[in-house]
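Colleague: Quick one: structure below, then a few questions.
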Amino acid sequence: MAAASSSDYDGCGAESNEANSKWLDAHYDPMANIHTFSACLAILSLQLVVGDLGPGGQQPRLKVLKGPLVMTESPLPALPAAAATFLMEQHEPRTPALALASGPCVYVYKNLRPYFKFSLPQLPPNPLEQDLWNQAKEMSLPSVPVFLEVSGQFDVEFRLAAACRNGNIYILRRDSKHPKYCIELSAQPVGLIRVHKVLVVGSTQDSLHGFTHKGKKLWTVQMPAAILTMNLLEQHSRGLQAVMAGLANGEVRIYRDKALLNVIHTPDAVTSLCFGRYGREDNTLIMTTRGGGLIIKILKRTAVFVEGGGEVGPPPAQAMKLNVPRKTRLYVDQTLREREAGTAMHRAFQTDLYLLRLRAARAYLQALESSLSPVSATAREPLKLHAVVQGLGPTFKLTLHLQNTSTARPVLGLLVCCLYNEALYSLPRAFFKVPLLVPGFNYPLETFVESLSNKGISDIIKVLVLREGQSAPLLSAHVNMPGNEGLAAA
């Protein structure tokens, strides 16, 4: 597909015509009437297959494009959800086929003609695949998945990362029935891409996050606008894998890890991205816009992505001068002393550090043995407690928030006891039973505290959470009661 000259959309004059530009403008049609997202774009041989939602989600159609032209259109019975190419033949020549998810069915096209229709709920599985389905159905997730990312081979070893509607990402392995790792996000995910061994997640907080397969956060990059779509850019000739993010401000940003490689400016916000071999070009970027436009760009064969390529000039911090103070006599004397007694100072530092760790470990062990921690240390009773005191006095409202932090097991048969100085306070309800604790819910338990002292003296009230039939508390909390400010007001 030869590149044709067109107007520039890089926001800086005619940058597309400059020698240092990385992209050639091959085609732009603002009236292409294509409404889709990245999951419904697939490159099949020399053609582009689009699962078109239609204007306003009406009249969904399957469109096949060759170059910039729409070759065929066929109506779909329901809105498309995803499209993917795969090899279904074992012998050469292996012609790729197309799988399109639409409504409750998956349609398989061979040579762009309907070949097979698979209805998900009703048809029984093939007996040869029964074992595979039995293994797959044993994997369960706590929430509905919206993005999936799979790596590896099913018969050998594989990892499956699922971004769910509860804002978490669950990672499963081949032999695990339940998620092995969980990544808790602070916002809902809008995209999930795997780059080598890093999971790149886009969130509704306008940011990209990088995680390992064990859930450890590696980096975070803030975006200048909301993320509308994400996809993978893979340049096989240079061994490059990067993440493309289409933003609401009309930018398409390309990142390798947290390094910005390139920024593409478009006349409208991009809603879908697809990169790969299209026509005779190995590295073609296909984009559709919010208004239904189609943009095709070709990566130059001489283009090389370098870190910081999306920014013009050095960062502003590089031009700032550091206010370095002059070396004083005290600084010089201290430097000489550290040179002469460096070994002894290091040994003293290590000794104090070991003593600090030992004292911290002893205090932690004592807190666990005496249940002085507000968080339970046993796996059988995963509880968390915190208290809130309200009021000016002499009557205070004490609210105890008790939570069961287990994943699936409820807790029953708990008691709450309050220990206090009876000369200073009076509690009408100092010992009461706790209802059934459902996992994940916060249960407020309220009682009132009457201050009996007219001198403004305050004390600590100990709150113990007990199990029926056991003398040792499961966890405890010390509530520092405020002074009686009602006396001062009187």
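Colleague: Taking segment 343-361, which residues are among the charged types (D, E, K, R) and within 37 Å of the chain's Cα centre (by Cα)?
Modeller: Matches in segment 343-361: ARG357 only.
Colleague: Also, I was wondering about something else. Where the second residue is among the charged types (D, E, K, R) and the first is touching a residue at least 12 places away in the same chain (Cβ under 8 Å) and lies in segment 49-60, which pairs have Cβ atoms under 6 Å and are six or more apart or on separate chains?
Modeller: VAL50/LYS63; ASP52/ARG61; ASP52/LYS63
Colleague: Yes or no: LEU120 open to solvent by 40 Å² or more (accessible area, probe 1.4 Å) and touching a Cys at 6+ places or on another chain (Cβ under 8 Å)?
Modeller: Working: open to solvent by 40 Å² or more (accessible area, probe 1.4 Å): yes; touching a Cys at 6+ places or on another chain (Cβ under 8 Å): yes.
Judged against the criteria, LEU120 is a match.
Colleague: Give me a count of the residues in segment 147-177 that are more than 13 Å from the chain's Cα centre (by Cα) and exposed (fewer than 15 other Cβ atoms within 10 Å of the Cβ). Lay out the reasoning, then the answer.
Modeller: Going through segment 147-177, the residues more than 13 Å from the chain's Cα centre (by Cα) turn out to be 150-160, 172-177.
Next cut, exposed (fewer than 15 other Cβ atoms within 10 Å of the Cβ) only: 150-158, 175-177.
The total comes to 12.
Colleague: Would you point out the residue of segment 61-113, among those that are in contact with an Asp or Glu (Cβ under 7 Å, 6 or more places away or on another chain) and among the basic types (Lys, Arg), that is nearest to TYR278 (Cα to Cα)?
Modeller: Here the residue is LYS63.
Colleague: So, one more: Is it the case, given these coordinates, that PRO394 is farther than 29 Å from LEU365 by Cβ and at pLDDT 85 or above?
Modeller: No; evaluated as a whole, the condition is false for this residue.
Colleague: Could you list, in sequence order, all residues of segment 355-383 that are at pLDDT 80 or above and buried (at least 16 other Cβ atoms within 10 Å of the Cβ)?
Modeller: Scanning segment 355-383 gives PRO382, LEU383.
Colleague: How do the pairs read when you match residues in segment 326-344 that are open to solvent by less than 90 Å² (accessible area, probe 1.4 Å) with residues anywhere that are outside any loop (DSSP other than H, G, I, E, B), using Cβ under 6 Å and keeping only pairs 6 or more apart or on different chains?
Modeller: none
Colleague: Looking only at segment 434-490, filter to residues that are open to solvent by 90 Å² or more (accessible area, probe 1.4 Å) and aromatic (Phe, Trp, Tyr); which one of those is nearest to PRO394 (Cα to Cα)?
Modeller: If we take residues in segment 434-490 being open to solvent by 90 Å² or more (accessible area, probe 1.4 Å) and aromatic (Phe, Trp, Tyr), then PHE448 is nearest to PRO394 (Cα to Cα).
Yes/no per residue for (1) more than 22 Å from VAL195 (Cα to Cα); (2) aliphatic (A, V, I, L, M); (3) open to solvent by less than 10 Å² (accessible area, probe 1.4 Å):
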position: MET230; (1), (2), (3): no, yes, no
position: GLN235; (1), (2), (3): no, no, yes
position: GLN241; (1), (2), (3): no, no, no
position: ASP268; (1), (2), (3): yes, no, no
position: ARG280; (1), (2), (3): yes, no, no
position: ASN283; (1), (2), (3): no, no, no
position: THR288; (1), (2), (3): yes, no, yes
position: PHE305; (1), (2), (3): no, no, no
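Colleague: Counting residues that are touching a residue at least 40 places away in the same chain (Cβ under 8 Å) and not basic (Lys, Arg), which strands (runs of 3 or more DSSP E) fully inside segment 415-490 reach at least 2? Talk me through it step by step, then tell me what you get.
Modeller: Values: elements: 431-434, 442-451, 460-467, 475-480.
In segment 415-490, the matching strands (runs of 3 or more DSSP E) lie at 442-451, 460-467, 475-480.
Colleague: Which of the residues spanning segment 12-64 are among the polar types (S, T, N, Q), at pLDDT 85 or above and open to solvent by 30 Å² or more (accessible area, probe 1.4 Å)?
Modeller: Answer for segment 12-64, where residues must be among the polar types (S, T, N, Q), at pLDDT 85 or above and open to solvent by 30 Å² or more (accessible area, probe 1.4 Å): just ASN33.
Colleague: Could you check GLY210 against (1) under 30 Å from LYS297 (Cβ atoms); (2) in contact with an Asp or Glu (Cβ under 8 Å, 6 or more places away or on another chain); (3) exposed (fewer than 14 other Cβ atoms within 10 Å of the Cβ) and say which number it fails?
Modeller: Just one mismatch for GLY210, condition (3).
Colleague: Determine, yes or no, whether LYS180 is surrounded by fewer than 17 Cβ atoms within 10 Å (Cβ to Cβ) and without any contact (Cβ under 8 Å) to a residue 12 or more places away in the chain.
Modeller: In short, yes.
Colleague: Still on this model: Considering segment 277-310 alone, what residues qualify as being in a strand (DSSP E or B) and among the basic types (Lys, Arg)?
Modeller: The initial filter retains those residues of segment 277-310 that are in a strand (DSSP E or B), namely 277-278, 281-289, 294-299.
Of everything in segment 277-310, those that are in a strand (DSSP E or B) and among the basic types (Lys, Arg) turn out to be ARG277, LYS297.
Colleague: May I pose another question? Which residue is farthest from the chain's Cα centre (by Cα), if the candidates are limited to segment 190-223 and must be of a type in the set (S, T, N, Q) and assigned to a strand (DSSP E or B)?
Modeller: GLN222
Colleague: Name the one entry in SER203, SER272 that is in contact with a Cys (Cβ under 8 Å, 6 or more places away or on another chain) and hydroxyl-bearing (Ser, Thr, Tyr).
Modeller: Exactly one residue qualifies, and that residue is SER272.
Colleague: Applying the selection to segment 460-489, what residues are modelled with pLDDT under 85 and of a type in the set (D, E, K, R)?
Modeller: Those that are modelled with pLDDT under 85 and of a type in the set (D, E, K, R): ARG467, GLU468, GLU485.
Colleague: Quick one: in segment 390-415, of everything that is of a type in the set (A, V, I, L, M, F, W, C), in contact with a strand residue (DSSP E or B) (Cβ under 6 Å, 6 or more places away or on another chain) and under 21 Å from LEU474 (Cβ atoms), which residue is surrounded by the fewest Cβ atoms within 10 Å (Cβ to Cβ)? Steps first, answer last, please.
Modeller: Here is the first cut: in segment 390-415, the ones of a type in the set (A, V, I, L, M, F, W, C) are 392, 396, 398, 400, 402, 408, 411-412, 414-415.
After this cut, where a residue has to be in contact with a strand residue (DSSP E or B) (Cβ under 6 Å, 6 or more places away or on another chain) as well, the list is 396, 398, 400, 402, 411, 414-415.
Still in the running and under 21 Å from LEU474 (Cβ atoms): 398, 400, 402, 411, 414-415.
On the way: LEU398: 22, LEU400: 21, LEU402: 23, VAL411: 21, LEU414: 19, LEU415: 16.
In this case the residue turns out to be LEU415.
The values are calculated or read from the model by the stated rules, or taken from the named source; none is laboratory data. If you're wondering where the values come from, they're calculated on a predicted model, not measured in any experiment. Positions of Cβ are generated from backbone atoms using ideal geometry, with glycine treated the same way; all protein chains shown enter the neighbour counts. For accessibility, only protein heavy atoms count, side chains too; no ligands or nucleic acids. Shrake-Rupley method; radii C 1.70, N 1.55, O 1.52, S 1.80 Å.
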